[in-house]
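Read the structure below first, then the notes.
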Amino acid sequence: MNWLEQTHWLEKRQGWLVRDASHNRRWTITPPGADDFVCLTLTHWTADGVAVDTAVAHCMSVAEAQIFAAALDNAGHPAGTKMDELLSGKGFREAPSFSRDVERQVMDSIRCYLPNVHRDMHFERRWFGSDNLSVFITTSRLSVFPFYCLTMRDDGMAQPDTILVEPRLSRMAQSDYYGQNAATRDPVIPTFTVACLAILSKRLELNGSYAAPLEDGQQYGLIDQFAAGYRWPEPEPEPEPLMLGMAM
């Protein structure tokens, strides 16, 4: 899928945007609702021709939803990528102790934006803050929200930002279309995290604030990068363990 196809969104109805994706799928972006979020949804067709919709993420603008769609189509989803390494490489630090009462309040506020999501929540989450504490990101493999971003407004209040709803996406292979194999499901959390960090950086560069969402026209540089294929860094080899009696 070339760069032009990555930017070619068609208006479907009442502000809804659609774009064909790889593997017999289609992206849909709904216009902002009362909560100011736009919803990024992926539709894939089963071998029987049934359309299956997956709500992927809630984003702060249509421009940012388009970036996430380009990243998830092209950046790949490497297994074993460590979230703490991705975040620490961008200046985030993990909070070693986070009050459960505060965590409950924050997560309850998130549910206000996603009322149809199952309410059960585990507390085995990891919280990361930027050096200037203007951005907080929480991740979890157990919770219904595997990735969630908070940004701080100028008045010092935290506002909900990017939310990843579905950490695994069905990717229909060519043989799946003819019913020969089951659909595979790709983990998307590392790719989604990379795209979110790139968006935050671009917000600061273009709009002067992490809390100021990208507007229409500001997304194309990042779409171009992800459409070309994200180059994941090569993992460093594990050091050989030191053994007693070995020559140094």
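The values are calculated or read from the model by the stated rules, or taken from the named source; none is laboratory data. The structure displayed is predicted, hence computed values, not measured ones. When we count neighbours, we look across all protein chains shown, and the Cβ atoms used for this are built from the backbone with ideal geometry, even at glycine. Side chains are part of the model used for accessible areas, which takes the heavy atoms of the whole protein and leaves out ligands, DNA and RNA. Shrake-Rupley method; radii C 1.70, N 1.55, O 1.52, S 1.80 Å.
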**Complete:** Carbon/sulfur accessible area of the stretch 12-97, % of total, 1.4 Å probe, equals 49 percent
**Fill in**
Placing each pseudo-label 7 Å from Cα in the direction of the beta carbon, GLU11 and ARG26 end up separated by a distance in nanometres of 1.8 nm
**Prompt:** What accessible area per residue, rounded to a whole number of Å², is obtained for the stretch 12-97 using a probe radius of 1.4 Å?
**Reply:** 46 Å²
**Asked** Simple spin-label model, 7 Å along Cα-to-Cβ: GLN105 to ASP53 in nm?
**Response** 3.5 nm
**Asked** Reported to two decimal places, what Rg/Rh ratio describes the stretch 12-97 when computed on Cα atoms with Rh from the Kirkwood expression?
**Response** 1.07
**Asked** Between SER201 and ASP155, what is the FRET efficiency for a Förster distance of 22 Å, r being their Cβ-Cβ separation, to the nearest 0.05?
**Response** 0.45
**Asked** Sorted by mean Cβ packing within 10 Å, highest first, what order do the peptides 78-91, 185-198 take?
**Response** 185-198, 78-91
